[in-house]
Amino acid sequence: DAQTIRFDSLGRSDVARVGGKNASIGEMVCRLGARGVEVPPGFATTSDAYWQFVDAGGLREVVAEALEAMHAGQATLAETGSRLREALLKADWPAETAAAIRSEYGALCARIGREDADVAVRSSATAEDLPDASFAGQQETFLNIRGADALLQACRRCYASLFTDRAISYREANGFDHLKVALSVGVQVMVRSDIGGSGVMFSIDTEAGFEDVAVIDAAWGLG
């Protein structure tokens with residue numbers, strides 16, 4: 001199974017493999033690029049890459065044991081989250097997965113003609129933006145990451161953020177199985193913050209549900 005997929009090969013049908021955020025970026029690259037909308041290039045790691053990382057480190061058992069202890073009242077939410085994040089941060093990369101990420105990052109640098117290009121490393125949970133729930137904003141993003149070693153560490157930190165206290169409690173409250181939500185990582189070339197803004201656009205009024213408007217929230221510079 002593929003460990004990484006370029007954004008220009010992704011679309012809205014790939015949510016199960018790369019999460020809502022990365023599938024949407026792929027949709028933008030594929031459908032809006034020809035219309036003059038510039039989307040920074042990049043790639044996504046897949047849910048397969050996440051599960052290989054989890055299984056190589058024996059982390060399914062760690063997650064199950066930690067949650068069992070929390071449910072039994074033997075550990076607090078904060079203690080459980082800390083234990084799980086630490087376990088993921090200490091886990092080693094499977095050789096195949098690490099090699100795939102290094103290779104794709106090298107290819108990205110070659111495409112834009114920059115050695116050790118600085119990238120944004122963004123979390124995209126594979127259960128994001130379901131009709132009855134949204135995991136958006138619960139996991140971490142890391143900016144200005146340079147070099148393959150730093151990239152792998154940032155990807156590991158994204159994986160660990162799947163078990164923030166907020167994310168754990170949200171899944172608990174909404175009945176999601178912690179071992180059925182995977183994390184994809186989006187690796188995207190950074191844009192210059194001194195000549196533009198950063199923000200979010202929705203094709204609907206998120207407060208009222210009105211569909212005939214585009215709502216843009218933006219700030220000058222890095223964000």
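Listed values, structure above:
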| item | result |
| --- | --- |
| Of Ser123, Ser193, Ser47, the one that fluctuates the most in a GNM where the chain has Cα springs shorter than 10 Å | Ser193 |
| Rounded if a/c under 1.5, otherwise prolate or oblate - the range 28-114, Cα gyration tensor axes | prolate |
| Accessible area (Å², 1.4 Å probe, nearest 10) - Asp55 | 80 |
| Once the Cα gyration tensor of the range 74-205 is diagonalised, semi-axes √(5λ) in Å | 28, 21, 13 |
| Fluctuation leader among Gln153, Gln139, Gln74 - the chain, Gaussian network, Cα springs under 10 angstrom | Gln74 |
| Calculated Rg and Dmax of the chain using C-alpha coordinates, Å | 17.9, 56 |
| Rg/Rh ratio calculated on Cα atoms of the range 132-223 (Kirkwood radius) | 1.03 |
| C-alpha long axis of helix 148-160 to longest principal axis of the chain, angle in ° | 50 |
| Area of Arg60 that stays accessible when all protein chains are in place (1.4 Å probe, Å², to 10) | 80 |
| Probe 1.4 Å, all protein chains present, accessible-area order of His71, His178, largest first | His71, His178 |
| Degrees between helix 77-90 axis and first principal axis of the chain (Cα, 0 to 90, nearest 10) | 70 |
| Gaussian network model of the chain, Cα within-10 Å springs - most flexible of Leu67, Leu32, Leu84 | Leu32 |
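The values are calculated or read from the model by the stated rules, or taken from the named source; none is laboratory data. Because the structure is a prediction, the values reported are computed rather than measured. All accessible areas refer to the heavy atoms of the entire protein, side chains included, with ligands and DNA or RNA removed. Shrake-Rupley method; radii C 1.70, N 1.55, O 1.52, S 1.80 Å.
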